[in-house]
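Some notes on the structure that comes next.
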Amino acid sequence: MSNSSPGGRRSRLFRGEPKAEVADELAFHLEERVREYVARGMDPDAARAAALERFGNLEGVREECAQMLHEDRRAEARRDWLDDLRQDLRFGVRSALRAPVFSLLAVLTLALGIGANAAVFGVVKSVLLDSLPYADAGRLVRVYAKFEKSGMDRSSVSPGTAADMARRLRSFSGVAAFNFGTMDVTYQGESGPRVIPGALVGGGFFSTLGVRAALGRTLTEADADAPVVMLSDAAWQREFGGDPHVVGRTLRVDGNPYEVVGVLPRGFVGPMGDAGIWFALDLPHYLRDPVGARDQHWLGIVGRLAPGVTLDAAQRELDRLAVDLAREYPKTDRGRTFVALPLRDAMVGDTRTPLLVLMASAALVLLITCANLAGALLSRTMSRRKEFAVRVAIGAGRGRLVRQLLTESALLALAGAAVGLLLAVLGLGALRKLALPVLPPYADLSLDTGAVLATLLAALCTGIAFGLAPALAAGRLEPQGTLREETRGSSEGRRSRQLRGVLVAAQIALSLSLLVGAGLLVRSLWAMTSAPLGFDPEGVLTARVELPSSAYPTPERRAAVFRELEERLAALPGVRGVASVTQVPSPTMSRNNLTIEGVTLRGDGPVFIPYMAVSDDYFRTARIRLRQGRTFGPEDTPEATPAIVVSETMARRYWPNGGAVGARIRVSPHTAERWGVVVGIVDDVRVDPALPAPEPMAYASGRQDFAWTGRDFLVRTDGDPLALVRPFQQALAAVDPSVPLRDPRTLASIVDERLAGRRLPMLLMTAFGVLALLLASVGVYAMFAAMAAAREQEFGVRVALGSTPGAIAGLVLRQGAVWMGVGLVGGAAGAVVVARLVSGLLYGVAPFDPVTLGVAVVALLACATVALLVPVRRATRVDPNMVLR
Amino acid sequence: MFAKDSGLLQGTLELLVLKTLSWGPMHGYGIASWIESATGDVLRVEEGSLYPALYRMARKGWIRGEWGVSENNRRAKFYHLTAEGRRQFGEQSTGWQRLAAAVTEAIGSTQAPAWAR
């Protein structure tokens, strides 16, 4: 091999550049030739000229030889580098195996740090980085209506506005309307009625998104009033077994026949969410409705920016359109502006902040891991310094030593990454169950090649980060001094002691920041869950019943069926109360325009408030207390004056001086013609459990507002609510066997699902915080242990001279406490940064919450105290007879 | 002589370099001088061929160059044979001798071929 020859690697260090070397060699040749000619009697100048002439193309030879030498050197260096790497790796594995416990702990610690990052990155990637299932999705924009006065900025538009947008906007090459949400439809399958989510989309929807049918064709403008549908890939597989001849088949949906014209590609989800059946929206039909055309807001808008048009330009055009429409339709279109958002931002919604917070937390954990391992590696370097000193003494270069140690730490990091990826896959499996309802519909949690590569890269950087300081410390070792020192009691150098202190301080600072962040999230979730909801969701089963208008054409007929079902349910054993409502309280419930007689509401434009029509027993079943007046009863016949019950917040906001009861208002379709009268005030209900403050709310009697085709039923029981599902289905079948029971679940689970989006970041961040606390405690332990060990001899002397154990403990504590203090101060600064980061997720707690900070500091100090007890106690028990002998 | 691109002659130059170095380490100028004097100035070594040949042989691992001091106290690059170079020299010189003997015998032949009779 190259380095087995005499004058091996070391002599190469003294070689010159290939060019200079060749030039020297040839210059020598020429000189000799000149000497020869001079010796033969030529005069020096002539000799020189002759020599040059004889040589010929000096420049060419020089170039050619230098080139060859250069290539040879390069090949040699590559061989050397690979040789070294092989050697380093072999040595690294051997030295890792020599300290199995250390290696195992290091790999485990790293696996936790890297695994946490990989798992969170998997989520971040799938939500924020993966491409949307549309063509050139970066040019797609979602347009929302914004009602300043009602605090609604992600709102829907009316059919009239949607048509105006499609007709007037020039910034978009395509604008399409679609039903804002999805709705459940009943599909008559071979094995009985099945409920499938359906979506309603305008003609330009698929062409605007740039989506082509996997089978058949997509819906177009021409389909507006045609009974045709498209199927999602999932519905096609599930309901039709992937039948390749499905196009042209007829389905019965809600009693009506529809022809399948196409199947959507796999992975496609709409901006409104996932749906199985896609219907054509008959916009012209809604435009003909004199009231609904401009007064009912239920359409979402998606547009594709025309070539060369920026989002800002589109927004400006939308601003002008809002002004124009307000002038043209002052009654319906005032007080409303439009907001254009990139479609991805619209779909990511409010998961972005929690995800970024989690990514930052995971990164903090990894940093703590680095600091922790750097400290551990430093101790190990100190205990191996004899080995290094010997290697330096017999000729190992310092650079080589540093490189060797970096290889060792990178090796540990990669092993940690391998285990960490395994943990991440497991973690994502668990997250998929917990997080999917709160993530955008297109998110598919997985670790693809990119995520794995990113993880490995992060691991390598980690390895270098935590290996660098100890490696440099080893590189600075003085072999002579080290080898001459006594075997025992050689005390740690000042520099490495400081380094260790800085590392511990960093761990404490980072842990404190994380703990404060987690604490703030815990506090705000506490604020959300501890504030009264205003109703009692425990022990209540909910389910929806939709009566198809084909079989039940009149509202009266439907009302009678709903009443009959209610009676049957009330007769079931174990049932304590039954109520039916137009929709259960939820953050997505629809809002209606509010008008109060004789009162001009502040500001410009309409006010929307959550509204529901309820049966007489609703307030009793949901346990909402009556404050004043009455709730609904049999006296509220369709012919009687519409009775309205309002919430306390509504009464206070619109009748601050009292007098709500008896006031005349309009808030629903059945009060469009004649005024309704407020008959009672009930307790507030928080329709969004994630918002601690309740919204104003209005109720009407289901006896008077009964035009709806569907109702949510609430059944209260003493036992398990889900045990009632079967009896409920039987009761429904007794009324009409062709009507399915939709979405039976407990009211508590609806509330819970809404909180899941808040709970998940809190849980994960708390887990990260605990992990950080654990790592920092280990770091504190290691620091005190190393300090105590290093000064063992000194303590022996002190004890021999009469020092008390207390004084010794004081010495150790003082030395370590400085760094802990530095860490706490740094942590307080870090907490400010973290608090700002999470402030968007907080409710009912200030970002700079002294209680949270205090608890975090105390928790950290408590753990640190436990961690330092053992080494400090050991220091106080130094036996001078042992250490000084 | 020893034009750069002639395969036969290039091989010959390499063989002569190997022979030269078999006496001991020598620099490029010394190698050229020795070959010229050893062949009775019949062969003139072109520098333009010699130095690339040296570097090529170094790459093949037959010879190795190291800086040393010349007879007249100048820094010069001395080449010496490696073990592989020594082996090559043995092989190539035997081969050359057989070739030369065969060619010599052929051109010195006095027996006319059948077709010339």
- Item | C-alpha long axis of helix B:47-60 to longest principal axis of chain B, angle in ° | 80 degrees
- Item | Rounded accessible area of A:Asp136 (nearest 10 Å², 1.4 Å probe) | 100 Å²
- Message: List the pairs from A:Lys149/A:Lys433; A:Lys146/A:Lys433; A:Lys125/A:Lys146; B:Lys19/B:Lys77 whose alpha-carbon separation is above 27 Å, in the order I gave them.
- Response: A:Lys149/A:Lys433; A:Lys146/A:Lys433; A:Lys125/A:Lys146
- Task: Can you find, among A:Ala734, A:Thr588, A:Gly658, the residue farthest towards the positive end of the dipole of the range A:548-738? Put +1 on the C-beta of Lys and Arg, -1 on that of Asp and Glu.
- Result: A:Gly658
- Query: Using Cα atoms only, what is the angle between the long axis of helix A:449-475 and the major principal axis of chain A, expressed in degrees (0 to 90) to the nearest 10?
  - Reply: 40 degrees
- Starting from the amide H of A:Ala613, placed 1.01 Å from N in the peptide plane, find each other amide H under 5 Å away whose residue is 5 or more places distant or on another chain. A:Thr582, A:Gln583, A:Ala700
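Can you give the charge dipole size of the range A:137-349 about its Cα centre, rounded to the nearest 20 debye, using +1 on the beta carbon of Lys and Arg and -1 on the beta carbon of Asp and Glu?
On the way: 25 positive and 24 negative charges, 122 e Å.
Here the size comes out at about 580 debye.
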- Roughly how much of A:Met589 is accessible, in Å² to the nearest 10, using a 1.4 Å probe? 10 Å²
- Non-local residues with an amide H under 5 Å from the amide H of B:His27, with H modelled 1.01 Å from N and Pro and chain starts lacking one, are B:Tyr79
- Long-range amide H partners of A:Val682 with built H, under 5 Å: A:Arg627, A:Val646, A:Ser647, A:Glu648
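Using only helices, what value at 222 nm comes out for chain A when you add -39,500 (n - 2.57) per DSSP H run of length 4 or more and divide by the total residues, to the nearest 500 deg cm²/dmol? It would help to have the intermediate numbers written out before the result.
On the way: 28 runs with 471 residues, N = 885.
Helix contribution divided over all residues of chain A: -18000 deg cm²/dmol.
Remind me, relative contact order of the range A:137-349 in percent, using alpha carbon pairs under 8 angstrom and six or more residues apart? Present the calculation step by step, with values, prior to reporting the outcome.
Details: 450 pairs, mean separation 73.7, N = 213.
Rounded, it is 35 percent for the range A:137-349.
What total accessible area, in Å², is buried where chains A and B meet, using a 1.4 Å probe and rounding to the nearest 100? Don't skip to the answer; put the middle values down first.
Details: alone 41410 and 7860 Å², together 46880 Å².
Buried surface at the A/B interface: approximately 2400 Å².
If you average 1/r across every pair of different Cα atoms in chain A and take the reciprocal, what Kirkwood value do you get, in Å?
33.8 Å
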- Query: In sequence order, what are the phi-derived ³J(HN,Hα) couplings for the range A:560-569 according to the Karplus relation 6.51 cos²θ - 1.76 cosθ + 1.60 with θ = phi - 60°, rounded to whole Hz, with x for glycine and proline?
  - Reply: 5, 5, 4, 5, 4, 4, 4, 5, 4, 5
- Query: Not counting the cut sites, what is the longest span of chain A without GluC sites (Glu not before Pro) that DSSP labels loop and that have at most 12 other Cβ atoms within 10 Å?
  - Reply: A:191-485
- Query: Taking only Cα atoms, what is the 0 to 90° angle, nearest 10, from helix B:28-38's long axis to the longest principal axis of chain B?
  - Reply: 30 degrees
- Message: Across the range A:137-349, what fraction of all alpha-carbon pairs, as a whole percent, falls in each successive 10 Å bin from zero upward?
- Response: 8, 34, 33, 18, 6, 0
- Item | Sites matching trypsin sites (Lys or Arg not before Pro) across the range A:562-621 that sit in DSSP coil, with at most 14 neighbouring C-beta atoms within 10 Å | A:Arg602
- Query: What are the ³J(HN,Hα) values, in whole Hz, obtained from phi via the Karplus relation 6.51 cos²θ - 1.76 cosθ + 1.60 with θ = phi - 60°, for each residue of the range A:174-186 in sequence order, with x given for Gly and Pro?
  - Reply: x, 10, 9, 9, 8, 4, 3, x, 9, 10, 7, 10, 9
- Message: Rounded to the nearest 20 debye, what is the charge dipole size of the protein assembly as shown about its Cα centre when +1 sits on each Lys and Arg Cβ and -1 on each Asp and Glu Cβ?
- Response: 3180 debye
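For the protein assembly as shown, with every protein chain kept in place, what is the accessible area per residue (1.4 Å probe, Å²)?
Numbers: 46880 Å² over 1002 residues.
Ligands and nucleic acids excluded, the result is 47 Å² per residue.
Below 8 Å, C-alpha to C-alpha, sequence gap of six or more: please give me the relative contact order for chain A in percent.
Values: 1499 pairs, mean separation 131.0, N = 885.
For chain A, the relative contact order is 15 percent.
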- Note on the structure: In whole Hz, the Karplus estimates of ³J(HN,Hα) for the range A:318-334 (6.51, -1.76, 1.60; θ = phi - 60°; x where Gly or Pro) are 5, 4, 5, 4, 4, 5, 4, 5, 5, 6, 6, 10, x, 5, 10, 10, 7
- Can you tell me the relative contact order of the range A:6-93? Whole percent, Cα pairs under 8 Å, sequence separation 6 or more. 32 percent
- Part-to-part distance (alpha-carbon centres) for the range A:241-290 and the range A:391-451, which is given in Å: 45 Å
- Query: Ignoring ligands and nucleic acids, what accessible area does A:Leu200 show with a 1.4 Å probe (Å², nearest 10)?
  - Reply: 30 Å²
- Say we join alpha carbon atoms closer than 10 Å with springs in a Gaussian network model of chain B; which of B:Ile107, B:Ile35, B:Ile63 then has the biggest fluctuation? B:Ile107
- Note on the structure: Largest fluctuation, B:Glu47, B:Glu36, B:Glu71 only, Gaussian network model of chain B with Cα springs under 10 angstrom, belongs to B:Glu71
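The values are calculated or read from the model by the stated rules, or taken from the named source; none is laboratory data. Note that the structure is a prediction, hence the values are computed from the model and not measured. All Cβ positions, glycine included, derive from the backbone under ideal geometry; neighbour counts span all protein chains shown. Just so you know, the surface numbers come from the protein's heavy atoms only, side chains and all, with ligands and any DNA or RNA stripped out. Shrake-Rupley method; radii C 1.70, N 1.55, O 1.52, S 1.80 Å.
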